[in-house]
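> For reference, the structure I am asking about is given below.
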Amino acid sequence: MKSKFATLLIFIILISISYYTKAKESSNQTGSVQSLNKFKLYLLGVGVEREQKISKQSSLYFSAAIEVVAPFYPEQPSRGSDVIRIDYSVNFAPILGLGFRNYFNLSEKENLKKSTTNNSASYFGIEYNLIAPILINKRYTTNYVHSISPVWGFQRNTLKNKNIELAIGPSFQTDFDRSRFSILARIGFSYLL
């Protein structure tokens, strides 16, 4: 229960910061981040996302998706073997996400007269995901998994209302009983709403 309350509190704080910063912005800035609503079609999943501009080069985003989750768990060697076995399972799971992006090459692209439409640039950021209980070893886990990932990614505007996106980074995941390091990787298309 405490983790659900903490997650809700973090969402409320970040939404408040986002609206406060939005009110302070001047309207005549060029080469800056835009606020976007997206329907996302991943290589292995679907979702929706709201990317909210909070400064000239930064944004917060909130997402809800159904994506593939493939947790890997090392297991102890068995039958006198020294080899550690890796147990894994592939699942589709509902995921709520919250993140921060800092687009680091917007002004460079603007100086080179390249398009920065629909946040078409590279970024560094951090992402928090709350993953619903998933199937492991033919039974569902009972705890939600919390995932924190520093990410590098990019968005490229392909057509008027479409972006191609890539995000990748290491991920620390825990359900407060077990913890592990993994990889966050996401590639797909965004349809701007």
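> Among the listed residues I134, I84, identify the single one that is closer than 19 Å to A185 by Cα, at pLDDT below 80 and aliphatic (A, V, I, L, M).
Numbers: I84 fails: closer than 19 Å to A185 by Cα.
Exactly one of I134, I84 is closer than 19 Å to A185 by Cα, at pLDDT below 80 and aliphatic (A, V, I, L, M), namely I134.
> Give just the number: which of (1) open to solvent by 10 Å² or more (accessible area, probe 1.4 Å); (2) within 19 Å of L184 (Cα to Cα); (3) at pLDDT 80 or above does G153 not satisfy?
(1)
The values are calculated or read from the model by the stated rules, or taken from the named source; none is laboratory data. A quick note: this is a predicted structure, and the numbers were derived from the prediction, not measured. Heavy atoms of the whole protein, side chains included, go into the accessibility calculation; ligands, DNA and RNA do not. Shrake-Rupley method; radii C 1.70, N 1.55, O 1.52, S 1.80 Å.
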